[in-house]
1. Taking into account only those residues within the stretch 236-263 that are β-branched (Val, Ile, Thr) and open to solvent by 10 Å² or more (accessible area, probe 1.4 Å), which is farthest from the chain's Cα centre (by Cα)?
2. Residue check: is Arg327 surrounded by fewer than 18 Cβ atoms within 10 Å (Cβ to Cβ) and under 23 Å from Thr472 (Cβ atoms)?
3. Among the residues of the stretch 90-132, how many are among the small types (Gly, Ala, Ser), closer than 18 Å to Trp188 by Cα and touching a residue at least 24 places away in the same chain (Cβ under 8 Å)?
4. Run down Tyr507, Tyr517 and say which single residue is farther than 23 Å from Ile185 by Cβ, among the aromatic types (Phe, Trp, Tyr) and in contact (Cβ under 8 Å) with a residue 60 or more places away in the chain.
5. So for the stretch 507-515 (the condition being in contact with a Cys (Cβ under 9 Å, 6 or more places away or on another chain) and hydroxyl-bearing (Ser, Thr, Tyr)), does at least one residue qualify?
6. Checking Phe87 against (1) crowded, with 24+ Cβ neighbours inside 10 Å; (2) touching a strand residue (DSSP E or B) at 6+ places or on another chain (Cβ under 6 Å); (3) within 19 Å of Ala201 (Cα to Cα), which test does it fail?
7. Within the stretch 23-32, can one find any residue that is basic (Lys, Arg) and either closer than 15 Å to Asn239 by Cα or at pLDDT 95 or above (or both)?
8. Could you list all residues from the stretch 72-84 that are closer than 19 Å to Ala200 by Cα and open to solvent by 30 Å² or more (accessible area, probe 1.4 Å)?
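The values are calculated or read from the model by the stated rules, or taken from the named source; none is laboratory data. Treat the numbers as computed from the prediction; the structure is a model and nothing was measured. Here Cβ is always computed from backbone atoms with ideal geometry, including for glycine, and neighbour counts include all displayed protein chains. SASA here: full protein model, heavy atoms, side chains in, ligands and nucleic acids out. Shrake-Rupley method; radii C 1.70, N 1.55, O 1.52, S 1.80 Å.
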Amino acid sequence: EFCLNVIMKKRGGNAKAEIEYRAVEIEANGLKLKFPCQLFIDGEFVDAETGKTLPTVNPANEETICHVQCASVKDVDRAVGAAKRAFESGEWSKISARERGQMLYKLADLMQQHREELATIESIDSGAVYTLALKTHVGMSIETWRYFAGWCDKIQGSTIPVSHARPNRNLSFTKKEPIGVCGLITPWNYPLMMLSWKMAACLAAGNTVIIKPAQVCPLTALKFAELSVKAGIPPGVINVVTGTGSVAGQAIASHPDVRKLGFTGSTEIGQVIMKTCAESNLKKVSLELGGKSPLVVFSDCDLDKAVRLGMQSVFFNKGENCIAAGRLFVEDSIHDEFIRKVVQETKKIQIGDPLNRSTSHGPQNHLAHLKKLIEYVEIGVKEGAKLEYGGRRLDRPGYFLQPTIFSHVEDHMFIAKEESFGPIMVISRFNNGDIDGVLKRANATEYGLASGVFTKDITKALRFAERVEAGTVFVNTYNKTDVAAPFGGFKQSGFGKDLGQEALNEYLKTKCVTIEY
Ligand code: TAP
């Protein structure tokens with residue numbers, strides 16, 4: 001780790017400001033990487049008030065990449081103050097919606113120019129396979145910024161035909177206004193993408209923001225902050241406070257000047273956050289939480305496609321995917337063949353260095369998570385599920401877990417009910433033709449994030465889509481998310497949508513104006 005003083009020339013718009021920060025410089029993936037390791041508050045990279053730092057580790061080799069500043073309650077307060085000033089009286093509050101859109105487009109262009117650097121940083125910090133990081137973690141992030149940049153000057157209210165107070169006339173119209181200072185708290189599975197899904201909608205709506213990324217994967221958020229300066233986004237509009245959930249996260253959720261909180265993470269912490277938001281100042285909250293998404297495979301499906309996509313539904317991003325299929329229900333008549341094929345194909349998965357272009361399966365995100373997954377496998381075995389394949393940590397440096405397949409999983413088992421958040425396929429059998437029975441079992445969970453069905457029978461597919469209790473339904477596909485389509489769960493998977501037009505409403509308030517004439 002080299003720490004250098006670097007002068008960044010700000011090239012955005014007419015701005016001529018320079019930003020100075022202490023950079024981490026390393027070489028990886030054939031690139032010279034340079035990124036900040038300090039808090040980003042009011043347009044500047046600064047140390048935490050306590051000087052405390054947190055290490056961030058490369059899960060592929062278990063080496064510390066660098067130390068990142070760890071925000072205190074005071075640091076959060078300073079960042080919220082900056083965001084409040086920027087919202088109330090800064091340049092951001094004065095520019096037009098169209099100019100705001102131009103800035104966000106510029107930011108997306110800069111992310112595009114730096115996509116290889118961003119994807120490499122994401123890969124070494126989170127263990128994401130580089131090719132996937134480039135396409136999904138970074139690629140979809142850029143698309144998200146472009147999508148919401150386009151919305152900036154299309155956010156509008158309506159005119160409403162209210163009853164007149166005779167003899168006078170009345171007119172009501174609504175205005176969609178930004179909420180103010182918004183707090184975002186994000187997890188470690190898609191660090192830059194989770195930031196982008198929330199922040200792009202939040203800024204498009206005209207708010208200012210303070211984000212706390214997951215403590216184990218903070219680096220792309222900091223690189224992003226650097227790019228935001230280059231894009232000309234004014235000071236205080238974006239603030240990044242790296243640190244812990246229990247201190248910085250809690251301070252954001254409880255801050256009286258934060259008016260909205262967007263959270264993605266576990267259901268358990270989601271409950272804590274909602275309570276904190278209620279008790280502090282009743283701030284608006286949206287929660288994208290855990291899942292145990294059912295995937296139902298009927299015997300009349302295209303079996304090879306169901307095997308291929310069934311594997312992706314579980315193993316995509318080494319299972320660290322909130323919409324991962326947590327449980328597969330396979331119709332009796334194809335059950336054994338499905339398992340034979342899925343085991344055969346899973347054996348071919350290339351596990352290894354995420355930066356290697358032929359690797360398709362990288363290490364788990366961090367050690368504590370790997371340990372939890374190994375425990376999860378042990379519980380499955382103890383409960384009597386059949387371990388068809390995998391389940392072992394690889395004998396090499398890094399947090400590598402073999403993709404794992406369990407069959408003969410019964411409804412009462414722990415692994416049938418609990419989310420693993422790892423590459424563990426959990427397969428149960430259902431009776432031939434028993435659509436009602438399998439739907440009942442698929443819905444017998446407190447989660448309701450996503451679901452999937454494989455069948456060539458459109459009636460079956462539509463009946464499933466109608467009755468399954470999940471915010472997302474995939475038919476003959478899986479993981480097919482798009483920036484224009486709303487994303488978010490039901491039941492204890494939370495509420496409020498990311499992406500699509502609906503996401504804007506999470507960051508807007510509606511004001512109704514009535515005039516008498
Ligand atoms: P969590 O432990 O819930 O952490 C998420 C974020 O909340 C982290 O930034 C964490 O900080 C912070 N946090 C922890 N305690 C907090 C508190 N008391 N107050 C405020 N913030 C706090 O989740 P995770 O382990 O990172 O992620 C895995 C979970 O996220 C899974 O259950 C997964 O299903 C879910 N997830 C859901 C979705 C969607 S879209 N529904 C997407 C991705 C992940 P630290 O970094 O310090 O822990």
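1. Only one residue tops the list, namely Val247.
2. Values: surrounded by fewer than 18 Cβ atoms within 10 Å (Cβ to Cβ): no; under 23 Å from Thr472 (Cβ atoms): yes.
Taking the combined requirement at face value, the residue does not satisfy it.
3. The number of residues fulfilling the criteria is 4.
4. After applying the criteria, what remains is Tyr517.
5. yes
6. (1)
7. Yes, the conditions are met somewhere in the stretch 23-32.
8. Scanning the stretch 72-84 gives a single hit, Lys84.
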